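The structure under discussion appears below in the form of structure tokens.
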Amino acid sequence: MYEAKDNRDIMSLLNEIEELKPANNRWMKLIYSLFPLCVIIAVLFAFLWMFAIGKVAFVIKGIFTGVPAVISCIFLLFIYKRDVALNDIRVFPSISQNSLTYLFGILYLSSVTVLLLFPGARTWHYFALIVLLYISVLLQILSENSNPSVILVEIFLILLNLTYSVTLNYDLYFGTTDIMPHILLSEMTAASGHVISTSLTDYAFFPLYHIMVASASNLLNIDVKSALFLIAAPIFAITIFFVYYLSQYVSNNRQISLLSSLLFSSSAIVLYYGAYMITRTISFVMFVVLLYLIYSVNFKEDKFPIKVLSVIATIFLILVHNVSLPQFILLMAILLVCEYLVNVGKHISRPFFVFLSVAFVSYWFFVAYLFLQRSISVRLQSRFYDSMILTLEGAESVNEHLINLVGSLDNSVFLFFALIGIGFLLKKYRNNYAAVFGLFALITLVFYIPNPLNTIWQLQVLFRIDRFKLFVSPFMAFVMSYGIYVFWNYLSKSPSKKSYPLVIILLLFSTFVFISSVYSISDSESLVVESAHPYFTAQELKGFEHVKDYIPAGSHIYSDYYTARYFEFPGSTGASENKDLLIYRSYRVDNVSNFDQYKGYIVIRTSEFLRAGLYFSKGGTNAESANYFYKGTTENKLEMENNLKKISKIYSSPVESIFIGGYGVN
């Protein structure tokens, strides 16, 4: 034990000597000195970019992120001039921890009661109680004698509450539709008792997710869908504890660590993926665990068990999702660069980084080579890079979506605090490993907030940079918590009343929580939000079961985008030729005037069409065609009704109808 302590002392001395290198000092001084100015220039460049490509809607949205960024940088310049010392935040010393815990229990039971009173919906009463729950936890963190164990359990319970309010409240929540094919593959795994053949789908090379869900279904003796939604919430919510300990290792500050967990749990991206538990979400859970293990090696005396667990976590990451591990490796490479620039210690093992890289490359080339050929090689074709292609995202009518721009307010609050935290960490980099996380957050902000890169098709579609947002969320929560901490300490030294900074923090925090919880999954009809209904109702599912019961496998089914995804098999080319499986040829309607020319079955969700409209195909019925929104206007209703009268109806319910196309069935 003494030898280990001596080794740590020697390493500490070497790190102190290393950080005095003038080259690294010059780099860090240059970075934190230019940081505020560069942010302001980046904001101006983003506005000019959006104006140049004619995306006025993005310019309007950018106001909600650009203006707070500029304000925080101006505020940061004042912080740079004053030597701000960080002291623990202490408010309401007279309020006991037990009182706040009892308040949390009352609010929690009230939120559950509201969900039970309004099944199949999330009303404004529910979201108001969620905000109060988060405020009660925040007050516990900022009060004296706070108990981290109790607070972490409370945050865990809130995240469970928000997740189950979606997954167990709706008959089939599908998010952006990937849940449905994964349920199908899990059902096939549970029924067959073995991994799906590689001839059917590339997911056969990454089977752990479907094995986990199928095993849970068999062990709990419930259907696959219920098993998935039941076990997914606690698996995802467990990340709260790992984020806390990871932040504790880096900051050595209990309040900042608890704030990191709280802000992480309340961010929109985390709330969204808490309910949208697919393969990449499970890989994120293991990503957080692996990060914790990597940093634990530096703080544990018995390192061998940690290293063994790290290897197991790596194997899990390789086998659970196809592209998450290389994305994780890219982020680790950025962390290594940040460690070099800050130069206050090396916590990430270089040999382990090499092991991660070699492990996934070896698996891809020697085992999952069919996946590499089908999915990766296609993305490397030169025709995709002849010119930069801009997506249509953000081209919608500004007036039509002006109300929903309020959904960007959580980004406004985040940027205000996060940039303050990043700027402070960069300036106080000496002997402070937290500055590594600050520099990392600065570099990876492009993955987290709306910016011009989101409009480039090659980055957005081919390389899915949007998926990095979830991976970097723990780091963003960390720098945001640091920003709140610095903001409090700066304002608390002003001659004004002590409650002044608390009121501002509570107001901004409440805004952040409310907007994140409401807009992460836009399903509330009782608020001024464009409700997306990312779920199927029981009556709609009853119609789908009619298709499975009476329509033979291999039949052509035409429907809207979400229904088409329900019947689509996530397989390789030729998978639908397998007659032993209940697989359909699923297409999207490309023109309501063509119903009499379809050979197959047509499924129309009439209730959803009348409520909001349906997404049909633009320029063809195949999967590569873009979507277009066919609204339920009076004119479109008449057009739809007249064209459906030309074909035969074989099933009808208040919410759904099934027809046979004009050319009959195959």
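Please turn the phi angles of segment 550-555 into ³J(HN,Hα) values with the Karplus equation 6.51 cos²θ - 1.76 cosθ + 1.60 (θ = phi - 60°), one per residue in order, whole Hz, x for glycine and proline.
Rounded to whole hertz, the list is 10, 9, x, 4, x, 5.
Here are a few candidate values for mean projected area of the Cα convex hull in nm²: (1) 30.5; (2) 31.9; (3) 28.4. Which one was actually calculated from the structure I just gave you?
Here the calculated entry is (2).
State whether segment 81-147 is rounded, prolate or oblate according to the following rule on the C-alpha gyration tensor (a ≥ b ≥ c being the square roots of its eigenvalues): a/c under 1.5 gives rounded; otherwise a/b larger than b/c gives prolate, and the remaining case gives oblate. Could the numbers behind the result be given before it?
Numbers: a/c = 4.94, a/b = 2.06, b/c = 2.40.
Here segment 81-147 falls in the oblate category.
Using only Cα atoms, tell me the angle between helix 22-52 and the longest principal axis of the chain; keep it within 0 to 90° and round to the nearest 10.
The two axes meet at around 40 degrees.
Say R0 is 45 Å: what FRET efficiency, to the nearest 0.05, do ASN627 and LYS303 get from their beta-carbon distance?
My answer for the efficiency is 0.30.
Shape of segment 299-382 from its Cα gyration tensor (a ≥ b ≥ c, root eigenvalues): rounded if a/c is under 1.5, otherwise prolate when a/b > b/c, or oblate?
Taking the square roots of the gyration eigenvalues as a ≥ b ≥ c, segment 299-382 is oblate.
How far, in nm, would the chain grow between THR176 and LEU405 when pulled straight, counting 0.36 nm per residue and subtracting the alpha carbon separation?
80.4 nm
Once label points are set 7 Å from the Cα along Cα→Cβ at both ILE315 and ALA191, what is their separation, rounded to one decimal in nm?
3.1 nm
Residue farthest toward the positive end of the dipole of the chain, with Cβ of Lys/Arg at +1 and Asp/Glu at -1: which of LEU470, LEU453, ALA564?
The Cα lying farthest towards the positive end belongs to LEU453.
In nm, to one decimal, how far is the modelled label at ASP223 from the one at SER510, with both set 7 Å along Cα→Cβ?
4.2 nm
Does anyone have the angle between helix 208-220 and the longest principal axis of the chain? Alpha-carbon axes, 0 to 90°, nearest 10?
80 degrees
Go ahead and estimate [θ] at 222 nm for the chain from helices alone: -39,500 (n - 2.57) per DSSP H run with n ≥ 4, summed, over the residue count, rounded to 500.
Computed mean residue ellipticity for the chain: -20000 deg cm²/dmol.
What is segment 226-323 by shape, rounded, prolate or oblate, if you read a ≥ b ≥ c off the alpha carbon gyration tensor as root eigenvalues and call it rounded for a/c under 1.5, prolate for a/b larger than b/c, and oblate otherwise?
It is oblate, given that a/c is not under 1.5 and a/b is not larger than b/c.
Under 15 Å from the Cβ of VAL655, count the other residues' Cβ atoms, weight Lys and Arg +1, Asp and Glu -1, and hand me the total.
Once positives and negatives cancel, what remains is -2.
Rounded to the nearest 0.05, what FRET efficiency do SER99 and TYR663 have when you use their Cβ-Cβ distance and R0 = 60 Å?
With R0 = 60 Å, the Cβ-Cβ based efficiency is 0.25.
Before anything else, pin down the relative contact order of the chain: Cα pairs under 8 Å, at least 6 apart, normalised by residue count, whole percent.
17 percent
For an R0 of 41 angstrom, estimate the FRET efficiency from the Cβ-Cβ distance between VAL354 and ASN431 and round to the nearest 0.05. Present the calculation step by step, with values, prior to reporting the outcome.
Working: r = 28 Å, r/R0 = 0.69.
So the FRET efficiency works out to roughly 0.90.
Projecting each Cα onto the charge dipole of segment 180-314 (Lys/Arg +1, Asp/Glu -1 at the beta carbon, about the Cα centre), which of LEU271, VAL224, LEU184 comes out farthest on the positive side?
The listed residue farthest towards the positive side: LEU271.
What's the magnitude of the charge dipole for the chain around its Cα centre, counting Lys and Arg as +1 and Asp and Glu as -1 at the beta-carbon? Answer in Debye, nearest 20.
So the dipole magnitude of the chain works out to roughly 1340 debye.
Step through the table entries LYS548/LYS618; LYS303/LYS346; LYS599/LYS646; LYS61/LYS618; LYS29/LYS469; LYS225/LYS542, compare each Cα-Cα distance with 19 Å, and write down the pairs that go over it.
LYS548/LYS618; LYS61/LYS618; LYS29/LYS469
Which angle from 0 to 90°, rounded to the nearest 10, does the C-alpha axis of helix 2-18 make with the longest principal axis of the chain?
It works out to around 90 degrees.
Of all beta bridges DSSP finds with both residues in the chain, what is the antiparallel percent, to the nearest 5? Before the final figure, lay out the partial values.
On the way: 16 of 22 bridges.
Among the beta bridges of the chain, antiparallel pairing accounts for roughly 75 percent.
I'd like to know which of VAL513, PHE365, ILE334 lies farthest towards the positive end of the charge dipole of the chain, counting +1 on Cβ of Lys and Arg and -1 on Cβ of Asp and Glu.
Projecting each Cα onto the dipole axis, the largest value belongs to ILE334.
None of the figures in this text is laboratory data; all of them are computed from the coordinates on show. Since the model is a prediction, treat every value here as computed from it, not as a measurement. Note that we place each Cβ from the backbone using ideal geometry, even for glycine, and neighbour counts take in every protein chain shown.
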